[in-house]
Amino acid sequence: MSNFDLIKEADQSFVAGTYGRFPVAIEKGNNATCYDFDGKEYIDFSSGIGVNSLGFCDKEWIAAVTAQLNSLQHISNLYYTKPCTDAAKLLCEKTGMKKVFFSNSGAESNEGAIKCARKYSYEKYGDGRSKVITLVNSFHGRTVTTLAATGQDVFHRFFFPFTEGFEFVPANDISELKKALDGTVCAVMVELIQGEGGVMPLDVDYVKELESICNENDIIFIVDEVQTGVGRTGELFAFQHFGISPDIVTTAKGIGGGLPLGCVIFGEKTESVFSAGDHATTFGGNPVATAGAAHILSRMDRAFLDEVRAKGDYMRKRIMRMPHVVGIDGLGLMMGVRLDETVKSADVVKKGIEKGALLLTAKAKVRLLPPLTISYEEIDKGLASMADALSEL
Ligand SMILES: *Cc1c(COP(=O)(O)O)cnc(C)c1O
């Protein structure tokens, strides 16, 4: 049996079958290029779903992470550590926000945000003001509470009873939002560009009005930047494109650079809501993960973010000339490629693997989330594979 067949067989025997996998096992990689166990090369336009912000095996990131591994890999949150404070300080300085709680994933970050909003409201207004409004077609995670927060029916099966206190309103519709504000609402939580929902950006005017309605009614405005955060859109956080100041921003995926890490970032209104004992996680602020995060954040200066935009523009221009492509949504290096009705996004991804490009879907669109450090040479190679795939469909 080939290496791949052995891995596949062991996976099917011993790993819970929660993922529909493609018939490929990736062995190693460098920046946006990776190889399977037969030595076949692929250009990565997925970053492991937005995680590898500096690509595979970035030398400086490895140095930062291994230096920390060689001194201290973990100590409980009963003690102070430096990497955790370094990462938190950078996040606050670069966003104007006030405090950070470190978690281990996107779903956990959103759990933290929801808990914070509910505590804020309970302390100020008492019982009966705990509802969280989210958007139709949103995605906020896979825990029982974040599934409840996710505005898609397919996620509301099997696992009853879900956490109560969530209501969905259609995106970009202020009057529907206003109708939902019945005095029981403590928070509104949105993705500024819905990722899993199909790379659907919110209108700037809608987002600004949403923010002012939240401010007028003392409702906590939570922005889920698990996918859009950490340079992905050409700003450190997508909210910085919109000229808004959310009360809470959550992130994960790209902040870890490949290690599991999430953040709940609090603004002025929410920075002191949690006190000792209110919220915790054993791995939270892990020194190795946060040393990596501090390195990633220190790399993302204006020039780095401008490069993300330039690469996004470069890719968009070329993708628009490919067969079956009718449009591209998203910002920076978060792209949702709209296709004509003759092709399915899942078939493009399958064909892409054959041609040597790792692509993603988001509903009917082909979603691209390349490493932010991808080179123009890698972009050209990956786009050639993608064009090949599209021309054969
Ligand atoms: C991926 C994602 C999540 C869930 O993150 P996990 O790390 O898988 O728990 C939540 N919100 C958004 C917007 C995401 O893209």
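The values are calculated or read from the model by the stated rules, or taken from the named source; none is laboratory data. Not measured: the values here are computed from a predicted model. For neighbour counting, all protein chains shown are included, and Cβ atoms are generated from backbone atoms with ideal geometry for every residue, glycine included. Accessible surface areas use protein heavy atoms only, side chains included; no ligands, DNA or RNA. Shrake-Rupley method; radii C 1.70, N 1.55, O 1.52, S 1.80 Å.
What to note about this one:
- Cα-only radius of gyration and Dmax that characterise segment 202-307, units Å: 15.0, 42
- Loop exposure criterion: chymotrypsin sites (Phe, Trp or Tyr not before Pro), DSSP state outside H, G, I, E and B, at most 12 other Cβ atoms within 10 Å. Applied to the chain, the longest stretch between such sites is 160-393.
- Close amide H contacts of Val136 (hydrogens built in the peptide plane, cut-off under 5 Å, sequence separation of 5 or more or a different chain): Val169, Ala171.
- Å³ per residue enclosed by the Cα convex hull of the chain: 151 Å³
- Note on Glu176 and Lys40: the extension gain reaches 43.9 nm, defined as 0.36 nm multiplied by sequence separation minus the Cα-Cα distance.
- Amide hydrogen neighbours beyond the local backbone of Ile220, cut-off 5 Å, H modeled: Ala187, Val188
- Count Lys and Arg as plus one, Asp and Glu as minus one, and take only other residues whose Cβ is under 14 Å from that of Cys34; the net charge is then -4.
- Pair-distance distribution of segment 114-268: all C-alpha pairs, bin width 5 Å, starting at 0; shares per bin in whole percent are 2, 9, 19, 23, 22, 15, 7, 2, 0.
- Sites Ser275 and Asp340, calculated FRET efficiency, Cβ-Cβ separation with R0 41 Å, nearest 0.05: 0.15
- Ranking Ile193, Pro83, Leu54 by how far each Cα lies toward the positive end of the dipole of the chain (charges on Cβ) leaves Pro83 at the top.
- In a fully extended conformation the segment linking Tyr80 and Ile7 would gain 22.2 nm over its present Cα-Cα distance, using 0.36 nm per residue.
- The chain - percent of accessible surface contributed by carbon and sulfur, probe 1.4 Å: 54 percent
- Segment 239-289-segment 177-211 distance, computed between alpha-carbon centres (Å): 19 Å
- Sequentially through segment 25-35, phi angles give Karplus couplings (6.51, -1.76, 1.60; θ = phi - 60°) of 10, 8, 9, 7, x, 8, 6, 9, 10, 9, 9 Hz, Gly and Pro residues having no value and appearing as x.
- 14 Å beta-carbon shell around Thr342, net charge (K/R +1, D/E -1): -1
- Count Lys and Arg as plus one, Asp and Glu as minus one, and take only other residues whose Cβ is under 15 Å from that of Leu393; the net charge is then 0.
- Cross-link partners of Lys82 among lysines (Cα-Cα below 17 Å; sequence separation of 8 or more within a chain): Lys99
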